[in-house]
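Note sheet for the following structure.
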Amino acid sequence: MPDTHEDDIALRVRAIESLLIEKGLVQPAALAAIVETYETKIGPHNGAQVVARAWTDPAFKARLLSDATAAIAEMGFSGVQGEDMVVVENTPAVHNMVVCTLCSCYPWPTLGLPPNWYKSAPYRARAVIDPRGVLNEFGVDLPPDKEVRVWDSNAELRYLVLPERPPGTEGMDAAALAALVTRDAMIGTGTVAAGQGAAQ
Ligand code: FE
């Protein structure tokens, strides 16, 4: 889904950044460190570890579904935009999908920064109106009798999808399983397959 406003947003961000630096409100080095952290250290590989542990540790999964913020913090993932987490579990009967209809609320500690399409107006509008159509565009074809639930992230709550563990992965440990879990599977615009690539 194209994001026509991306260039405009990038320009505005650069303008604001220049002003903040000029007025001495922001140190360029500090800003660079924050950007670097979110680009390299914090990303969907964190969420993938949470998912893999939930698949392999039933007690952790129970904690994750009852108090996601605390369970995720146990694994060392907490902080800005992850203060109030809710994990929704995909099952054979239910597929969950996350959107922020107002802006781009997203669980940064577990997924990093949101992809451009997540912030785009078409995704934000259509995820609610036509979730199955959006899922089709992402290559997710659900059986008609499977219920689709769409969760609207906001400033108070950030949702993370616990995808279904794919068949054929029974012998795999948590590290191997984590490598199968993609970012989109944790947003709910994807599912996890036994042979697919890692979250990045
Ligand atoms: Fe938002």
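The values are calculated or read from the model by the stated rules, or taken from the named source; none is laboratory data. Just so it is clear, the structure is predicted and the values come from calculations on it, not from any experiment. Neighbour counts are summed over all protein chains in view; Cβ atoms, including those assigned to glycine, are modelled from backbone coordinates with ideal geometry.
Anything in region 92-113 that is within 28 Å of Ile34 (Cα to Cα) and buried (at least 19 other Cβ atoms within 10 Å of the Cβ)? List them, or say none. Of everything in region 92-113, those that are within 28 Å of Ile34 (Cα to Cα) and buried (at least 19 other Cβ atoms within 10 Å of the Cβ) turn out to be Val98, Val99, Cys100, Cys105, Tyr106, Pro107, Trp108, Pro109, Thr110, Leu111, Gly112. Using the structure shown, decide if Asp184 is within 16 Å of the ligand (Cβ to nearest atom), in contact (Cβ under 8 Å) with a residue 12 or more places away in the chain and within 17 Å of the chain's Cα centre (by Cα). Criteria not met by Asp184.
Checked against (1) closer than 10 Å to Leu160 by Cα; (2) crowded, with 16+ Cβ neighbours inside 10 Å, Glu89 passes all but condition (2). The residue that is modelled with the lowest pLDDT, among those in region 153-180 that are within 16 Å of the ligand (Cβ to nearest atom) and polar (S, T, N, Q), is Asn154.
Out of all the residues in region 122-136, is one or more away from the ligand (no atom under 16 Å from the Cβ), touching a Ser or Thr at 6+ places or on another chain (Cβ under 7 Å) and small (Gly, Ala, Ser)? The answer is no, given that none of the residues of region 122-136 is away from the ligand (no atom under 16 Å from the Cβ), touching a Ser or Thr at 6+ places or on another chain (Cβ under 7 Å) and small (Gly, Ala, Ser). Checked against the criterion of being of a type in the set (Lys, Arg) and touching a helix residue (DSSP H, G or I) at 6+ places or on another chain (Cβ under 7 Å), the candidates Arg149, Arg132, Arg126 yield just one match: Arg126. Taken over region 18-43, the criterion of being over 27 Å from the mean Cα position of the chain (by Cα) and part of a loop (DSSP other than H, G, I, E, B) is satisfied by Lys23, Gly24, Leu25, Val26, Gln27.
Annotation: of all residues in region 98-121 being touching an Asp or Glu at 6+ places or on another chain (Cβ under 7 Å) and within 14 Å of the ligand (Cβ to nearest atom), the one that is farthest from Ile72 (Cα to Cα) is Ser120.
Being among the β-branched types (Val, Ile, Thr) and within 16 Å of the ligand (Cβ to nearest atom) is the filter here, so list the residues in region 59-92 that pass it. Passing the criteria: Val80, Val86.
With respect to the conditions (1) modelled with pLDDT under 95; (2) more than 16 Å from the ligand (Cβ to nearest atom); (3) not aromatic (Phe, Trp, Tyr), His95 lacks only one, and its number is (1).
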